[in-house]
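Each remark here refers to the structure printed beneath this line.
The values are calculated or read from the model by the stated rules, or taken from the named source; none is laboratory data. Just so you know, these numbers come straight off a predicted model, no measurement behind them. Here the Cβ is made from the backbone with ideal geometry for all residues, glycine too, and neighbour counts use every protein chain on show.
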Amino acid sequence: MSAEWRQFVDIGYPPIDEEHQELADLLIRFIQAIQRGVSTEIDVSMALFFDRAAAHFAHEERLMRETSWTEFERHKASHDLFLTDVGQMTGEFHRAGQVTPAMEQWAVTRLVEWFAFHIRTNDAPLGEFLATRERNGTLNRKRGPASPQPSN
Ligand SMILES: [Fe+2]
Ligand SMILES: [Fe+2]
């Protein structure tokens, strides 16, 4: 990923930053596939981006629940809206069997804008909160099945 992308996806909490960097790479790959117009490449890169985004959102939502983050509902609503959007575009692509003008427009503008806007407005405050808690030693997360504690 370029330094420019890295600068805008990093929010100061490494576990989330790593996932944002991966998503930015997948997003670039997806847009390049659309521009090349190769259906199989579009299909694979879109599915991969969608899967990794869903897993990333689930991770953030778990962190928010574990730390009782006050913006949880609003943040989750933004994730849900995005996944609905991606799902609709995936459906349109499969119905049409090719990239439609609306889909291309969506990928190169709305998708990138949403990603940047969401990181800046929703993820950055969460990252700052988590990083501060971690520095203070007060990131007192409940452990769930996804992050088991070692047994003795
Ligand atoms: Fe988020
Ligand atoms: Fe995020």
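Brief remarks follow.
- Filter pass, S45 being surrounded by 14 or more Cβ atoms within 10 Å (Cβ to Cβ) and within 14 Å of ligand 2 (Cβ to nearest atom): no
- Selection from the range 113-127 of residues that are more than 9 Å from ligand 2 (Cβ to nearest atom), within 19 Å of T70 (Cα to Cα) and out of contact with any Ser or Thr (no Cβ under 9 Å at 6 or more places or on another chain): R120, A124, P125
- Complete set of residues in the range 1-16 that are within 16 Å of ligand 1 (Cβ to nearest atom), surrounded by fewer than 18 Cβ atoms within 10 Å (Cβ to Cβ) and not in a loop (DSSP other than H, G, I, E, B): F8, P14, P15
- Verdict on Q35 being within 13 Å of ligand 2 (Cβ to nearest atom) and surrounded by fewer than 16 Cβ atoms within 10 Å (Cβ to Cβ): no
- The numbered conditions (1) in a helix (DSSP H, G or I); (2) surrounded by fewer than 17 Cβ atoms within 10 Å (Cβ to Cβ); (3) modelled with pLDDT of 90 or more; (4) not acidic (D, E) are all true for A102 except (3).
- The residues on offer are F72, F93, and the sole one that is within 15 Å of ligand 2 (Cβ to nearest atom) and more than 14 Å from the chain's Cα centre (by Cα) is F72.
- Among residues of the range 12-41 that are more than 12 Å from A107 (Cβ to Cβ), those with a beta-carbon under 8 Å from a residue that is within 16 Å of ligand 1 (Cβ to nearest atom) and in a loop (DSSP other than H, G, I, E, B) at least six positions away or on a different chain give the pairs D17/D10; D17/I11; H20/D10; H20/I11; Q21/D10.
- Selected residue (criterion: farthest from the chain's Cα centre (by Cα)) from residues of the range 48-69 that are away from ligand 2 (no atom under 14 Å from the Cβ) and in a helix (DSSP H, G or I): E66
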